[in-house]
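Working notes, beginning with the structure itself.
Please treat every number below as a calculation from the coordinates, not as lab data. This structure is a prediction, so every number in the text was calculated from the model and none was measured. Cβ placement follows ideal geometry from the backbone for every residue including glycine, while neighbour counts extend to all protein chains displayed.
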Amino acid sequence: MLPLPEGGLRLRLDFDEAHLLDQLVGQLIDLLRSHSGTALDPDPLFASLEVGGSETPPDDPALARLFPDAYEGAGDASQFRRVTEQGLVNRKLQDALEVSGSLGVGSLPDAGGGDDPQPVELDITDTALPAWARTLTALRLAIAARLGIGDEADHTRLAEDEETRGTLLVYDWLAAILDSLLRMGPSD
């Protein structure tokens, strides 16, 4: 990751890394769309202000982690969720679509092509950086919910389990990208 002279960052990923990130963001988009109650307004401001939502937390653990109750009391939490949830879904969806659009990886190259796919370099502007940070955070929260990561002991236990180790490595890889983005991002 390199800072750009005009502001923003250049993120360089191996093609396979970029393709994996594109797939993960696509899965996040599908998850968010499955929870959305309306069509996404093309205007990000109106999309994020859309009123509506359910009165109960989602059953899916990843969605429940992405959209937790804002209040301890069931009545207040229900009222707040009913008014704000759709706007929050839309904002996360807008962010993920922006990241997906900037990745623009497409499909994997032919295996018989002989040439190794070229690394993917992405220029992330200062204005796009928040969407990237929020999307990477949402991905990590969704993965943590699905794996059952609540604390460091869970992380250690999952790292020792052969079935979950690979997914945990992806979770940690996303953390490293997020950390780099935040460290290299604008300092104002």
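Summed over qualifying helices (DSSP H, 4 residues or more, each -39500 (n - 2.57)) and divided by its residue number, the chain shows a 222 nm mean residue ellipticity of -20000 deg cm²/dmol. Computed from Cα atoms, the angle from the helix 162-184 axis to the main principal axis of the chain rounds to 90 degrees.
Within the set (1) 0.97; (2) 0.94; (3) 1.00, the number that Rg/Rh (Cα atoms, Kirkwood Rh) takes when calculated for this structure is listed as (3). Legend: calculated FRET efficiency, residue 170 to residue 76, from the Cβ-Cβ distance at R0 = 41 Å, rounded to 0.05, equals 0.70.
Counting neighbouring beta carbons within 10 Å and listing from fewest to most, the residues 135, 164 come out as 164, 135. One compactness figure for region 127-188 is 1.24, namely its Cα radius of gyration divided by 2.2 N^0.38 Å. You can think of it this way: the chain between residue 55 and residue 12 has 11.3 nm of extra reach, that is 0.36 nm per residue less the Cα-Cα gap. Provide the FRET efficiency to the nearest 0.05 for the residue 30-residue 163 pair, computing r from the beta carbons and using R0 = 25 Å. My answer for the efficiency is 0.60.
Compared with the dominant Cα axis of the chain, that is its longest principal axis, helix 129-147 is turned about 70°.
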